[in-house]
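First comes the structure, then the notes that go with it.
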Amino acid sequence: ELSATFYHAYLMEHNDTLAVFHGQTCVAEAKEKGVLPLYRLVKQQPALLKNAVIADKVTGRAAAALTIASGAAHLYTDLISEPALSLLQQASFPVTYGACVPRILNRKQDGPCPMEHLVRDAQTPEEAVAMLTDFFKGKQI
């Protein structure tokens, strides 16, 4: 079992926003901010996520829903929002986090993260994923 320190250090050393592990092996990583890298993996390479550990820099409610739906085994995140943590706990999904904040802010830091806002009323992870799928439909991802 690798520690939170390992995942945090990996993200920092590689300047990654997201990394997916099977054991000590990183099988996917991203440097792009936002929920899109995780969304892409869920939609395009779902087998990579099965029973994996997802290490994420920032986890809002949208990323939490994708993580639950992905079939991953554990989430490590540096920063998580209260709505994301609540969704993970409701699903009994194992999570380790560095800090919890009331909400994730947008990139300008002057309002809520648009993806967290988009899925705010979703009752289940599946409903949130469906909202994200509708949002990204027809967009270049």
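Which one of Leu66, Leu105 is at negative phi and in contact with a helix residue (DSSP H, G or I) (Cβ under 8 Å, 6 or more places away or on another chain)?
Going through Leu66, Leu105 in turn, just one is at negative phi and in contact with a helix residue (DSSP H, G or I) (Cβ under 8 Å, 6 or more places away or on another chain): Leu66.
Does Lys43 satisfy the condition of being part of a helix (DSSP H, G or I), of a type in the set (Lys, Arg) and more than 10 Å from the chain's Cα centre (by Cα)?
Answer is yes for this residue.
Does region 82-98 hold any residues that are touching a strand residue (DSSP E or B) at 6+ places or on another chain (Cβ under 6 Å) and among the polar types (S, T, N, Q), and which are they?
Answer for region 82-98, where residues must be touching a strand residue (DSSP E or B) at 6+ places or on another chain (Cβ under 6 Å) and among the polar types (S, T, N, Q): just Thr96.
Return the residues of region 8-34 that are open to solvent by less than 40 Å² (accessible area, probe 1.4 Å) and either over 15 Å from the mean Cα position of the chain (by Cα) or at pLDDT below 95 (or both); say none if nothing qualifies.
If the condition is that a residue be open to solvent by less than 40 Å² (accessible area, probe 1.4 Å) and either over 15 Å from the mean Cα position of the chain (by Cα) or at pLDDT below 95 (or both), then Ala9, Tyr10, Cys26 are the ones that fit.
Restricting region 90-119 to residues that are of a type in the set (D, E, K, R) and under 15 Å from the mean Cα position of the chain (by Cα), which is farthest from Lys33 (Cα to Cα)?
The residue in question is Arg103.
Anything in region 56-103 that is hydrophobic (A, V, I, L, M, F, W, C), closer than 23 Å to Glu13 by Cα and crowded, with 24+ Cβ neighbours inside 10 Å? List them, or say none.
Once the filter is applied, which keeps residues that are hydrophobic (A, V, I, L, M, F, W, C), closer than 23 Å to Glu13 by Cα and crowded, with 24+ Cβ neighbours inside 10 Å, region 56-103 yields Ala63, Leu75, Ile80.
Kindly indicate whether Glu116 is touching a Lys or Arg at 6+ places or on another chain (Cβ under 9 Å), open to solvent by 60 Å² or more (accessible area, probe 1.4 Å) and over 25 Å from His14 (Cα atoms).
no
With the condition kept exactly as written, say whether any residue in region 32-47 is among the acidic types (Asp, Glu) and under 20 Å from Asn106 (Cβ atoms).
For region 32-47, residues among the acidic types (Asp, Glu) and under 20 Å from Asn106 (Cβ atoms): present.
The values are calculated or read from the model by the stated rules, or taken from the named source; none is laboratory data. These numbers come from a predicted model, not from an experiment. Cβ sites come from the backbone with ideal geometry, for glycine too, and all protein chains shown count toward neighbours. The accessibility values were calculated without ligands, DNA or RNA, using every heavy atom of the protein model including side chains. Shrake-Rupley method; radii C 1.70, N 1.55, O 1.52, S 1.80 Å.
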